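Each remark here refers to the structure printed beneath this line.
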Amino acid sequence: MYCNQCEQTAKGIACTTVGVCGKNEEVAEIEDVLIYALCGMSLFAHEARQKGIIDDKIDRFTMEAIFSTLTNVNFDPERFVILINKVVELRESLKNT
């Protein structure tokens, strides 16, 4: 396990066995996938902004999704799968702008 997603990381660097917060490896990895997917979506959002297209729904979702990886209160992996699927949906909608 390697997790550096929150303010509780071991020694302020990263947790390498089990998260100080109690997060397991599966959740840490799926949160990494969520962040990776958000980075990809942001490329399309940036291109849309260059064309003057701003989607407040996408902006708000992005902040909420990132925040979900920073707070250590809900370690349900299915929660993050739902968020990843939403990222893909929003990314695809941006491709058509």
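Treating r as the C-beta distance of V88 and V18 and R0 as 41 Å, the FRET efficiency rounds to 0.90. The label-point distance for E64 and T97, in a model that sets each label 7 Å from Cα toward Cβ, rounds to 1.7 nm. Compared with the dominant Cα axis of the chain, that is its longest principal axis, helix 25-50 is turned about 20°.
Each label was represented as a point 7 Å from its Cα along the Cα-to-Cβ direction; for H46 and N4 these points are 2.0 nm apart.
With the simple spin-label model, which puts each label point 7 Å out from Cα in the Cβ direction, the C39 to K57 separation comes to 2.7 nm. Local charge for E29 was computed over the other residues whose Cβ lies under 15 Å away, with Lys and Arg +1 and Asp and Glu -1, and equals -4. Under a Cβ-Cβ cut-off of 10 Å, what is the net charge of the residues other than S93 that fall near it, where Lys and Arg count +1 and Asp and Glu count -1? So the surrounding residues net to 0. Shape analysis of segment 50-97 places it in the oblate category; the axes a ≥ b ≥ c from the Cα gyration tensor give an a/c of at least 1.5, with a/b not above b/c.
Rg over Rh for the chain works out to 1.04, both radii taken from alpha-carbon positions and Rh defined as the Kirkwood radius.
Per 0.36 nm of contour for each residue apart, how much would the distance between N74 and D32 grow if the chain were fully extended, relative to their Cα-Cα spacing? It would help to have the intermediate numbers written out before the result.
On the way: separation 42, 0.36 × 42 = 15.12 nm, distance 1.53 nm.
Separation in residues times 0.36 nm, less the Cα-Cα distance, equals 13.6 nm.
Heavy-atom accessible area with a 1.4 Å probe sorts F75, F67, largest first, into F67, F75.
The values are calculated or read from the model by the stated rules, or taken from the named source; none is laboratory data. Since we're looking at a predicted model, the values are computed, not measured. Because the Cβ atoms are built from the backbone with ideal geometry, glycine has one as well, and the counts that use them run over all protein chains shown. Please note that ligands, DNA and RNA were not included when accessible areas were found on the heavy atoms of the full protein model with its side chains. Shrake-Rupley method; radii C 1.70, N 1.55, O 1.52, S 1.80 Å.
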